[in-house]
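See structure below.
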Amino acid sequence: MAVSPSSASSTIPPAHLLVVDDDTEIVHILSRYFSGHGFRVSAAGDGVRMRHVLDSEAVDVVMLDIGLPGEDGFSLTRSLRTHWHGPVIIVSGRGESVDRVVGLELGADDYVTKPFDLRELLARVRSVLRRASAPPRAEAGRLWFDGCVFDPQSHSLTGPHGELIPLTSGEFTLLQIFLEHANQVLTRDQLMTHVHGRDAGPFDRSIDVQVGRLRRKIEPDPAHPQWIKSIRGAGYLFSPTVRQI
């Protein structure tokens with residue numbers, strides 16, 4: 001018997017959001033709102049409970065507060081980036097620039113300050129999920145630059161000596177944009193649109209932070225970058241020769 005489109009779509013499990021926050025009111029608001037938009041929502045009040053959920057269930061995105069009892073959100077972000085590869089969004093009342101930079105440096109995919117607009121937060125979550133789950137383009141092949149091999153099909157980057165270079169989903173997308181626009185100057189706004197699906201605000205340094213993280217992973221000398229060059233007053237330029245293999 002043929003399966004109707006509506007029946008087929010109903011078999012697709014909802015995206016699983018794990019909210020890590022010890023504020024029960026915030027957890028209630030987020031659980032109610034995201035459940036109403038088709039998400040499955042779990043909650044954890046600290047790092048111990050967060051790890052228990054991640055070890056026992058498939059989670060698609062973690063939404064993480066900084067001010068947690070015991071191990072704080074920055075430490076948990078560092079741990080997640082070592083042991084888990086899904087998207088991480090920090091949602092915190094600490095809105096200072098230095099906190100945003102630290103969170104992004106540690107590998108968070110996005111940073112949202114409290115109080116937040118629920119619609120914007122929903123858009124941010126959907127954006128990181130689209131980026132994390134986007135299938136490679138059918139025509140995309142492996143790309144070579146200065147001994148490194150970028151493979152969009154296997155979502156991997158191999159270094160000059162055959163070593164695997166781990167990249168977060170945001171770093172992978174950023175590098176792919178650079179490779180596809182090699183030797184072209186890309187503005188911060190263009191990169192923000194490609195990577196985060198939104199424009200950069202006047203004080204938004206998330207792209208600069210991600211560029212810095214990517215440099216540390218791929219540049220022979222990150223202190224003196226030769227591949228991802230800063231173009232004063234313009235943006236960034238990826239300078240190596242890129243060829244498809």
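Each reported figure results from applying straightforward, stated rules to the coordinates on display, with no laboratory input. Computed from a prediction, not measured in an experiment: that's the story for all the values here. Backbone-built Cβ (ideal geometry, glycine too); neighbour counts: all protein chains shown.
Take the residues in region 41-83 that are of a type in the set (Ser, Thr, Tyr) and either in a strand (DSSP E or B) or under 24 Å from ALA123 (Cβ atoms) (or both); name whichever of them is farthest from the chain's Cα centre (by Cα).
Among those residues, the one meeting the criterion is SER42.
Matching residues to (1) over 12 Å from PHE145 (Cβ atoms); (2) within 19 Å of the chain's Cα centre (by Cα); (3) surrounded by fewer than 18 Cβ atoms within 10 Å (Cβ to Cβ):
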{"site": "ILE207", "(1), (2), (3)": "yes, yes, no"}
{"site": "ARG216", "(1), (2), (3)": "yes, yes, yes"}
{"site": "ALA223", "(1), (2), (3)": "yes, no, yes"}
{"site": "GLN226", "(1), (2), (3)": "no, no, yes"}
{"site": "ARG232", "(1), (2), (3)": "yes, no, yes"}
{"site": "GLY235", "(1), (2), (3)": "yes, no, no"}
{"site": "PHE238", "(1), (2), (3)": "no, no, no"}
{"site": "THR241", "(1), (2), (3)": "no, no, yes"}
{"site": "ILE245", "(1), (2), (3)": "no, no, yes"}
Check: Residues in region 84-99: is at least one assigned to a helix (DSSP H, G or I) and of a type in the set (A, V, I, L, M, F, W, C)?
Finding: yes
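For the subset of region 16-35 comprising residues that are of a type in the set (Val, Ile, Thr) and surrounded by 22 or more Cβ atoms within 10 Å (Cβ to Cβ), which member is nearest to ARG51 (Cα to Cα)? Please lay out each step first, then the result.
Taking region 16-35 first, the residues of a type in the set (Val, Ile, Thr) are 19-20, 24, 26-27, 29.
Then keep just the ones that are surrounded by 22 or more Cβ atoms within 10 Å (Cβ to Cβ); that gives 19-20.
Working: VAL19: 12, VAL20: 10 Å.
The residue in question is VAL20.
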